[in-house]
There are 2 protein chains.
Amino acid sequence: MSEVAKLAGVAISTVSRALANPGRVNEKTHAKIDAAARQLGYPPNAMARGLRIGKSNTIMIVLPGSLYYGASQVIPQILQSINKALIQSGYNLMIANLDRGAGSERHILDLPFGGAVRGAIILSSKSPEVDGRSLASAGLPIVSMLLDMSDAGLPSVVTNDHEAVRDVTAELIGLGHKRFLYLARPEGSYHDVERFGGVLKALDAAGMPENAVVRSGGNLDYQQGFQIGLEAVKDFVELAEKPTAVIATSDDMAISFMSRVQGLGFRIPGDLSIVSFDGSPVCEFCSPPLSTIEQPVTEMGEAAVALLLTCIEGAETSIERRKVIPSKLILRESMARPRIEQE
Amino acid sequence: MSEVAKLAGVAISTVSRALANPGRVNEKTHAKIDAAARQLGYPPNAMARGLRIGKSNTIMIVLPGSLYYGASQVIPQILQSINKALIQSGYNLMIANLDRGAGSERHILDLPFGGAVRGAIILSSKSPEVDGRSLASAGLPIVSMLLDMSDAGLPSVVTNDHEAVRDVTAELIGLGHKRFLYLARPEGSYHDVERFGGVLKALDAAGMPENAVVRSGGNLDYQQGFQIGLEAVKDFVELAEKPTAVIATSDDMAISFMSRVQGLGFRIPGDLSIVSFDGSPVCEFCSPPLSTIEQPVTEMGEAAVALLLTCIEGAETSIERRKVIPSKLILRESMARPRIEQE
DNA sequence: TTGTATGCGTTATCAT
DNA sequence: ATGATAACGCATACAA
């Protein structure tokens, strides 16, 4: 910077002003400085700037390991939309994986406490915590995504999990289905509560009993979606009264379930209708093409960034605590009327 | 840090030494300093440290937009393995998307030139370049991954694209196949050259003519894998002499091709054998289960990190220019003998 | 082994 | 509107 100042014939502080505050410097000198900077190929030093102003321009995304598996595109799409939105506002994106073991938690916490990051987008219900330090205690703006953590004080961006599942269940009921198999996420998790609640709501609205739906997979703490689908097939074959519709809470579960259950001779959608959650592009090419509830992850990513930047840039106005972006049901051949009317 | 020094009753420089160079300080004082630091919850400031030593501890991964789509898990798996390996060595991972438009290129270049990153892992053949600045000219250690850029002077981590495709083609020939359809990546790209070269090599070795294989999809510059598969179906139906085997260069292409072509009444593997590339977990649940060449992306990520850190930490020894990690052919039902012997 | 002092590149405060 | 200067938090050369 001092070289730029020398070449432009001004003081170093003037250069700083010209490059940072576009308004506070004479137009002519500004032009001279710009020219000098370009000529010298002057690159502003991010760390010096960060040290001086006490703030970084890096945002951290906290991803649980469980999100990394499967055919859905949530991780790539989210990363892409978030990064794009951040760059437009002059921020960078840093990845923080929340794996098992204190090592990753410590690393995640070192980032904000070391002043390296300015804000965080978190996609996990459990926030890292070690040695009494937590993400929240770092005094860092945090936005939750996918999961509603607004009760814990975190602005959240979610989709309408409950209503979407309720609606598709109602749709299945309307088609004539009376017994359901529900492939669950870990029991008690946000998504499990919301989505299974949607099933129960629809049953209730139709005057059907809660035991019209059988759960599978929810007792497993952490695993691949494909595995849940395979386990669910075992549960399915043991059921005396076979469900005619399956509601899966991820495309992976649905895909492995469908594949295996077809191998056992069950016809889809003849014997069994299936609908799942996520909206992976690959669902279109399953046989039969799989109905799925598409999560608008791109929009959710953009909304999360917008919310986070609002927190960071400290708009006086009270920030939104919870933003819901509706999902979209994509109907395909895997859903139909049950072939055999029950009872 | 000064507070820690005061509490421990030592000078600030001693604290610095104790925390950075574990050897150069008395054991007793070290303990005192550690205690004081813990008591105060002292977090070292990453930016101040970076400014002082002139180096950052952040690594950048440059991802082309084209990698983001599809059912394969390359992006998540690579990110996970790279990040894990980096953390173990005390580095952080920053994402840089190489999208179309100069905006993203400029942003990518600002990172190294601004001193924000210490090294880069690049998964694209075209390195960003704007205003005469390029990634290479930033004087930054760079490692290429997936693509062999060792000719351009970049240490590279790749899989054995050529040999893997050659071998699987030979396997198909051994099964009795005589005509092939090849679903290509963008023509002339590294992967296209390597993999299609493998097909030709196998044909040659079997004394078969080059026109035993028909290419599809390579004329398209940039698009989703699924789309290539759909286009290929159009090409396929127009062929007078139908191939009996399809070699796809991504699972996405294979999945959409297989889905559509089955819809037209072709039987797999009866009428048509299919093998693809990537090793996505979802292939196991296709109907029929899809043979695929599994890219060892996790090991490749780890190797890329190891290579990059070698460059950074400047081992005197000459660094490896090209590391090949072999892929693994996963044979499933989509490959079989052709039902109808030709001619 | 430990303390003192300087500088990394930038921004902000205070003069001019 | 611009220039001089201090300070951000840390690491190191040097002195003790």
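The values are calculated or read from the model by the stated rules, or taken from the named source; none is laboratory data. Just so we're clear, the structure is a prediction, and the values are computed from it rather than from any experiment. Because the Cβ atoms are built from the backbone with ideal geometry, glycine has one as well, and the counts that use them run over all protein chains shown.
One table, with the values for the structure above:
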{"read-out": "Test: residue in region B:133-154 that is within 8 Å of chain A (Cβ to nearest Cβ), among the polar types (S, T, N, Q) and not in a loop (DSSP other than H, G, I, E, B)", "value": "no"}
{"read-out": "In region A:106-128, the residues that are outside any strand (DSSP E or B) and away from chain B (no Cβ under 12 Å)", "value": "A:Leu123, A:Ser124, A:Ser125, A:Lys126, A:Ser127, A:Pro128"}
{"read-out": "Answer from B:Ala71, B:Ala116, B:Ala48, B:Ala136 - the residue that is more than 24 Å from A:Leu111 (Cα to Cα) and over 19 Å from the mean Cα position of the chain (by Cα)", "value": "B:Ala136"}
{"read-out": "Odd one out for A:Gly103 among (1) part of a helix (DSSP H, G or I); (2) within 16 Å of DNA strand D (Cβ to nearest atom)", "value": "(2)"}
{"read-out": "Members of region A:245-263 found to be hydrophobic (A, V, I, L, M, F, W, C), within 13 Å of chain B (Cβ to nearest Cβ) and touching a helix residue (DSSP H, G or I) at 6+ places or on another chain (Cβ under 7 Å), listed by number", "value": "A:Ala248, A:Met253, A:Ala254, A:Ile255, A:Phe257, A:Val261"}
{"read-out": "Tally, over region A:292-343, of residues that are modelled with pLDDT under 95 and among the small types (Gly, Ala, Ser)", "value": "3"}
{"read-out": "Contacts under 9 angstrom Cβ, first residue in region B:14-29 being within 14 Å of another protein chain (Cβ to nearest Cβ), partner in a loop (DSSP other than H, G, I, E, B) and more than 7 Å from DNA strand C (Cβ to nearest atom), 6 or more apart", "value": "B:Leu19/B:Met1; B:Leu19/B:Tyr42; B:Leu19/B:Pro44; B:Ala20/B:Pro44"}
{"read-out": "Single residue of region B:18-52 satisfying the filter (polar (S, T, N, Q) and modelled with pLDDT of 90 or more) that is farthest from DNA strand C (Cβ to nearest atom)", "value": "B:Gln39"}
{"read-out": "Flag if B:Ile53 is within 15 Å of DNA strand D (Cβ to nearest atom) and β-branched (Val, Ile, Thr)", "value": "yes"}
{"read-out": "Counted residues, region B:30-50 - those being more than 14 Å from chain A (Cβ to nearest Cβ) and either of a type in the set (S, T, N, Q) or more than 13 Å from DNA strand D (Cβ to nearest atom) (or both)", "value": "3"}
{"read-out": "Residue satisfying all of: in region B:18-37; within 40 Å of the chain's Cα centre (by Cα) and surrounded by fewer than 18 Cβ atoms within 10 Å (Cβ to Cβ); farthest from A:Gly115 (Cα to Cα) among these", "value": "B:Gly23"}
{"read-out": "Number of the exception - A:Glu313 against (1) in contact (Cβ under 8 Å) with a residue 40 or more places away in the chain; (2) in the same structural domain as A:Ser81 (by TED's automatic domain parsing)", "value": "(1)"}
{"read-out": "Top-ranked residue of region A:145-184 - restricted to ones that are farther than 15 Å from A:Val275 by Cβ and of a type in the set (D, E, K, R), ranked as surrounded by the most Cβ atoms within 10 Å (Cβ to Cβ)", "value": "A:Asp148"}
{"read-out": "Qualifying positions in region B:71-96 - within 7 Å of chain A (Cβ to nearest Cβ) and either farther than 19 Å from B:Ala304 by Cα or within 16 Å of DNA strand D (Cβ to nearest atom) (or both)", "value": "B:Ala71, B:Asn92"}
{"read-out": "Selected residue (criterion: surrounded by the most Cβ atoms within 10 Å (Cβ to Cβ)) from residues of region A:1-17 that are more than 7 Å from DNA strand C (Cβ to nearest atom) and among the small types (Gly, Ala, Ser)", "value": "A:Ala8"}
{"read-out": "B:Met60 vs. criteria within 16 Å of DNA strand D (Cβ to nearest atom), modelled with pLDDT of 95 or more and buried (at least 20 other Cβ atoms within 10 Å of the Cβ)", "value": "no"}
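Matching residues to (1) among the β-branched types (Val, Ile, Thr); (2) within 20 Å of the chain's Cα centre (by Cα); (3) under 28 Å from B:Leu264 (Cβ atoms):
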| position | (1), (2), (3) |
| --- | --- |
| A:Leu272 | no, no, yes |
| A:Ser276 | no, yes, yes |
| A:Cys286 | no, no, yes |
| A:Ala303 | no, yes, no |
| A:Thr310 | yes, yes, no |
| A:Ser318 | no, no, no |
| A:Lys323 | no, yes, no |
| A:Ser334 | no, no, yes |
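Residue by residue, here is whether (1) among the aliphatic types (A, V, I, L, M); (2) within 19 Å of B:Ala116 (Cα to Cα) holds:
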| site | (1), (2) |
| --- | --- |
| A:Ile108 | yes, yes |
| A:Phe113 | no, yes |
| A:Ile122 | yes, no |
| A:Gly132 | no, no |
| A:Asp148 | no, no |
